[in-house]
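The values are calculated or read from the model by the stated rules, or taken from the named source; none is laboratory data. The structure presented is a predicted model; accordingly, all values stated were derived computationally and were not measured. Counting neighbours? That spans all protein chains shown, and the Cβs are built from the backbone with ideal geometry, glycine included. Heavy atoms of the whole protein, side chains included, go into the accessibility calculation; ligands, DNA and RNA do not. Shrake-Rupley method; radii C 1.70, N 1.55, O 1.52, S 1.80 Å.
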Amino acid sequence: MQHGIISSEFGYIPKIAQVDAVYGEFEKQWFQSKSVDPNSIEIFGHPRFDLLEEGAVVSKRNFNKKLKLSQRKKTILLVVRGKNQLTEWRQFINRLNRLGNYNILLRDFPNNSNHSLLSEFSHLKSTKGMSLYDVLHHADAVVVYSSTVALESMLANKQVFIFNRPFPGYIGYFDELGDLVHTSPKTLARAVHQYLNKTIKVNKINKKQVQFLKQAYPNKNKPSGVRLIKLIEQLTTKKGR
């Protein structure tokens, strides 16, 4: 089963299985470009993502109360990866603070200690110890690096903005999102601010994300777990014969 998006070489393992269950057309075409037999690739999504359809476990009111968030402000989830691009994220937050007044949540790897940005910016709120999917459901927008969390956010029907500086091994997973992907933290902050204040064409932005999902995760409304069980039954029945 595919663990995360194929954003770089870290996102895949050698092709050793009889069938690889992948998220969408991007991965299927990518494997085929590497001369993998298309009959050994099946689009299934991932059972973990099925949980997004269940909604939030924690109510909006309790969520805001726990993190001490203002109900009058829009909430932005900022997803980081340790100390990577620390200077750029600092620039993003500073620019966003000048543009508007928002609840900003910070999400890092679960096992990492408290992020340094939390001490630099007192208004940032850590989501450590909280379910990612609960946090996603209560965010108004998600800002993230080239990560599987971006796909999960889209599946939760949240608008995503991606900070994606070129890095070794990147294979263009998010390129189809066009101007939802930014290489400048300052233009990224402006895009998020404009979206939340509806000073740009929100419908056009939402449509671009919907179009992306048709290729990246075409079976959005069909439980992945059910399809996976059927495949396992087919494979084990054939093996038994």
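Observations
- Condition check for K186: buried (at least 18 other Cβ atoms within 10 Å of the Cβ), over 17 Å from N84 (Cβ atoms) and among the basic types (K, R): no
- Scanning region 16-68 for residues being touching a helix residue (DSSP H, G or I) at 6+ places or on another chain (Cβ under 9 Å), farther than 19 Å from Y173 by Cα and among the basic types (K, R) gives a total of 2.
- Checking K208, K230, K186 one by one, the residue that is under 26 Å from E54 (Cβ atoms) and assigned to a helix (DSSP H, G or I) is K230 and no other.
- Within region 168-184, the set of residues being under 18 Å from the mean Cα position of the chain (by Cα), touching a residue at least 12 places away in the same chain (Cβ under 8 Å) and at negative phi comprises Y170, I171, Y173, F174, E176, L177, D179, L180, V181, H182, T183.
- Filtered residue count, region 77-129, keeping only those that are among the acidic types (D, E) and either touching a residue at least 60 places away in the same chain (Cβ under 8 Å) or out of contact with any helix residue (DSSP H, G or I) (no Cβ under 8 Å at 6 or more places or on another chain) (or both): 2
- In region 47-76, the residues that are within 19 Å of S126 (Cβ to Cβ) form Cβ pairs under 8 Å with partners that are in a loop (DSSP other than H, G, I, E, B) and of a type in the set (V, I, T), at six or more places apart or across chains, as follows: K66/V58; L67/T127.
- Test: residue in region 173-183 that is open to solvent by less than 20 Å² (accessible area, probe 1.4 Å) and more than 22 Å from S33 (Cβ to Cβ): yes
- Evaluated against (1) within 23 Å of Q159 (Cα to Cα); (2) among the polar types (S, T, N, Q); (3) surrounded by fewer than 18 Cβ atoms within 10 Å (Cβ to Cβ), N112 falls short on exactly one condition, (1).
- Considering residues of region 74-84 that are charged (D, E, K, R) and closer than 21 Å to H115 by Cβ only, the residue surrounded by the fewest Cβ atoms within 10 Å (Cβ to Cβ): K83
- Of all residues making up region 207-241, the number that are open to solvent by 30 Å² or more (accessible area, probe 1.4 Å), within 19 Å of S146 (Cα to Cα) and in contact (Cβ under 8 Å) with a residue 12 or more places away in the chain: 3
- Residue selection: Y170 fails the criterion of being closer than 23 Å to E152 by Cβ, open to solvent by 30 Å² or more (accessible area, probe 1.4 Å), assigned to a helix (DSSP H, G or I) and hydroxyl-bearing (S, T, Y).
- Considered as a group, the residues in region 121-162 that are in a helix (DSSP H, G or I) and of a type in the set (G, A, S) include one that is nearest to F109 (Cα to Cα), and that residue is A150.
- Some residue of region 11-25 being at pLDDT 90 or above, under 20 Å from L235 (Cα atoms), aromatic (F, W, Y) and open to solvent by less than 90 Å² (accessible area, probe 1.4 Å): yes
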